[in-house]
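These notes concern the structure reproduced below.
The numbers here are math on the coordinates, done by the rules we state, and not lab data. Please read all numbers here as calculations on a predicted model, not as lab measurements. When we count neighbours, we look across all protein chains shown, and the Cβ atoms used for this are built from the backbone with ideal geometry, even at glycine.
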Amino acid sequence: MAMKIAILSQDASLYSTRRLREAAEEKGHDVRVINYLRCYMNITSHNPTIVYNGKTLENFDAVIPRIGASRTFYGTAVVRQFEVMGVFSANESQAISRSRDKLRCLQILAREGIGLPVTGFAHATEDIDGLIDTVGGAPLVIKLLEGTQGLGVVLAETKPAARSVIEAFRGLEANILVQEYISEAKGADLRCFVVGGKVVAAMKRQGPPGEFRSNLHRGGSATGVKLTPEERSTAVRSAKAMGLRVAGVDLLRSNHGPVVMEVNSSPGLEGIERSTGVNVAGKIIDFISKNAKPGSGRDRIQY
């Protein structure tokens, strides 16, 4: 059955946005790309609405949020307004907010018993040596909570270097995560693309020589990869723990099994589709077609 779908994206020309639109149109759906930053909302009990370009947005069956990390607050407010109006969302506002808070994400995964690198969290601790020792000493990775696409991530190879970086971030009043360095990963990670509780595609991302970050935006390369049953299960459990129906789960292969680095609520499609040949956009649209029913949302995760 044909549906009316809104893709919430700041830029209709982006690869992921274009592919989702193409996949939906190929399946006969009516699709509209909406810049969520240009929406405004009428928040009322009896007739909640969203206005875009001077016109009320009506009769949508589903929305696909593509919310930029720096626009999470307003973007999730728009998604939430669609939810108030009874529209199905590929990822609900609560789940997006949950995954965007790196600390909250790791705490939820830990509660679910999912493998993680040993992690410490601090704001303005005087006990820097104690924080470093928490994760087993140097080498270690220091991350700004607000960083994205590998920005704000530093590998400190010695304890004095780690102490200097932590002191610098502390001077900026920044919240930081300190994690053990998984040296056996050798600058590679796995991006597992989960849709509707299944891993539909997976790629191995390898950082360039001398670079421990594997982000494609930083010059990394990607190839399709076959996951182990444990890796597949870890990815699915991680997405479920966040309440995400569509997710990119980033894993490292450690000596003690797969560990989760991040759970992404707006994973890019370009790298995964080109490296695996899988029509991921089509799988997202198929999932929405099967599940977008009135009242089928309702995030029930308690934290």
So the angle from the long Cα axis of helix 72-84 to the longest Cα principal axis of the chain, reported in degrees to the nearest 10, equals 40 degrees
By how many degrees, 0 to 90 and rounded to 10, does the Cα axis of helix 229-242 deviate from the longest principal axis of the chain? 60 degrees
Would you mind checking which residues have amide H under 5 Å from Ser254's amide H? H placed 1.01 Å from N; only 5 or more apart, or other chain. Val259
Considering only the chain, percent of DSSP beta bridges that pair antiparallel, nearest 5: 80 percent
Entry for Rg/Rh (Cα atoms, Kirkwood Rh) (calculated from the structure that is shown) out of (i) 1.06; (ii) 0.95; (iii) 0.99: (iii)
Ignoring everything except DSSP H segments at least 4 long, calculate the 222 nm mean residue ellipticity for the chain; use -39,500 (n - 2.57) per segment, divide by total residues, nearest 500. -9500 deg cm²/dmol
Pull up the DSSP beta bridges for region 4-91 and report the antiparallel fraction as a percent, rounded to 5. 35 percent
Per-residue Cβ contact counts at 10 Å, fewest first, order Met203, Met242, Met1 as Met1, Met203, Met242
Taking only Cα atoms and a 10 Å spring cutoff, compute GNM fluctuations for the chain and point out the largest among Val84, Val260, Val33. Val84
Share, in percent, of DSSP beta bridges within region 1-149 that are antiparallel, nearest 5: 35 percent
May I ask you to derive the FRET efficiency for Thr44 and Tyr15 from their Cβ-Cβ distance with R0 = 41 Å, giving the value to the nearest 0.05? 0.65
Max mean-square fluctuation residue, GNM over the chain, Cα-Cα springs under 10 Å, options Ser183, Ser233, Ser164: Ser164
Can you tell me the orientation of helix 102-111 relative to the chain, as the angle in degrees between its alpha-carbon axis and the longest Cα principal axis, to the nearest 10? 80 degrees
List, in order, the whole-Hz ³J(HN,Hα) value for each residue of region 114-121 obtained from phi through the Karplus relation with A = 6.51, B = -1.76, C = 1.60 and θ = phi - 60°; use x for Gly and Pro. 8, x, 9, x, 4, 10, x, 10
Which FRET efficiency value, to the nearest 0.05, is calculated for Glu22 and Val118 with the Förster distance at 45 angstrom and r the Cβ-Cβ distance? 0.60
Hey, which of these cross-link pairs are over 31 Å Cα-Cα: Lys4/Lys102; Lys143/Lys240; Lys186/Lys290; Lys102/Lys204? Lys4/Lys102; Lys186/Lys290
